[in-house]
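The values are calculated or read from the model by the stated rules, or taken from the named source; none is laboratory data. Small disclaimer: the values here were computed from a predicted structure and weren't measured. All Cβ positions, even for glycine, are placed from backbone atoms using ideal geometry, and neighbour counts span all protein chains on display.
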Amino acid sequence: MAHFAALAGLGSYLPPRLVTNAELAARFDTSDEWITSRTGIRTRHWATPGVATSDLAVEAGHRALKSADLPLEPGAVDAVVLATTTPDHPCPATAPQVAARLGLGTIAAYDIAAVCSGFLYALAVASAQIAAGQARRVLVIGAETYSTILNPADRTTSVIFGDGAGAVVLSATPDADRPGVVLGVELGSDGSQQDLIIIPGGGSRERATPGSPDPQGRYFAMQGKKVFAEAVTRMGDSASALLDRVGWPVESLDHLVGHQANIRILAALAQRLGIDEERAVVNVDRVGNTSAASIPLALSDAAAAGTLTAGSRVLLTAFGGGLTWGAAVLTWPHLNVA
Ligand code: ACO
């Protein structure tokens, strides 16, 4: 029997510390006016020292399991897939720790590294695990603590990024028409442009040597202008290709949930796709760019606000370092949002 992966639970978590543009303007040569007009961001949340990505992932995962009416015990799900750019450690992966702390037993647990597209890559592999009959339910999490990798001397990246986590439960169904079924996924990459978004150190290219590591190489760096243009093109083209493949005319879409990188990118994306800007879900103003957590955080916010209603046609699309990008479509299901 064929299996399809359907959205059955959704949850999110933001660390409590709210960082305003005014606070950043006191620290950098920037202003609320610059940040708001260039990015649309007004606030973001940053984890306090000692709080790691797994701490946020556990909270969001717990809420998604509760929303799916699943207990914190072995057998609740068959796998945990965690998308992150900011794992607790370079080795091992963070997902096994999250699975253990949620009491989910000795199940498959692994990280996905696709930067801001990570959640869509994780959604794709988790759906494929279900379609292959390898799992009945999978907890898919996007969690980040970008505040730990921001260069304190770089005002451009420091004002953009925020911390947070979002999670969904995917559940197997034999019914392809059930609301929530991930109807299609499109993924892509262009490694020839890896330098546009990079943390140069801490991997095998720049070997660890005795003595103190160069902190400069451990910071996140981005060429914003080039990334902006690539983001609009790649998200737009992958979304269009997917809509063609599943046979959804763009006018039939109810909501566009794009990677929350910059309000101007979301507006340009809506325009490129020919979607009314009103249909674009926006929470970048409150949370900033949360990378792999961006899409599930936006979904959680929009579902909690009653914007996403059962039966709506939803397009997800993301773009990030790698370069990587992707899109997914589904009809929104009935969900209890935690
Ligand atoms: N405050 C004040 N001035 C600033 C700031 C700041 N925080 N940051 C940069 N500036 C200055 C620059 O120094 C520059 O000054 P200059 O003209 O004297 O040289 C000027 O503002 C313009 O800088 P630009 O980089 O051209 O500004 P731009 O309008 O492109 O906005 C931004 C920069 C917000 C980064 C934008 O390019 C952007 O959003 N890029 C896309 C980011 C993105 O989509 N990321 C998604 C993937 S991220 C991932 O995968 C992790």
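Every condition in (1) more than 29 Å from Val77 (Cβ to Cβ); (2) of a type in the set (S, T, N, Q); (3) not assigned by TED's automatic domain parsing to the domain that holds Gln129 is met by Ser158 except one, and the failing one is (3). I'd like to check something: does the range 281-304 contain any residue that is more than 21 Å from Ile141 (Cα to Cα) and either within 19 Å of the chain's Cα centre (by Cα) or in contact (Cβ under 8 Å) with a residue 12 or more places away in the chain (or both)? Looking through the range 281-304, at least one residue is more than 21 Å from Ile141 (Cα to Cα) and either within 19 Å of the chain's Cα centre (by Cα) or in contact (Cβ under 8 Å) with a residue 12 or more places away in the chain (or both).
Only one entry in Ala239, Ala292 is closer than 27 Å to Thr148 by Cα and not in a strand (DSSP E or B), namely Ala292. One residue stands out in the range 242-267 among those that are of a type in the set (Val, Ile, Thr) and more than 20 Å from Phe119 (Cα to Cα): the one that is farthest from the ligand (Cβ to nearest atom), namely Val246. Among the candidates Ala239, Ala221, Ala229, the residue that is surrounded by fewer than 13 Cβ atoms within 10 Å (Cβ to Cβ), among the small types (Gly, Ala, Ser) and either free of Cβ contacts under 8 Å to residues at least 60 places away in the same chain or within 16 Å of the ligand (Cβ to nearest atom) (or both) is uniquely Ala229.
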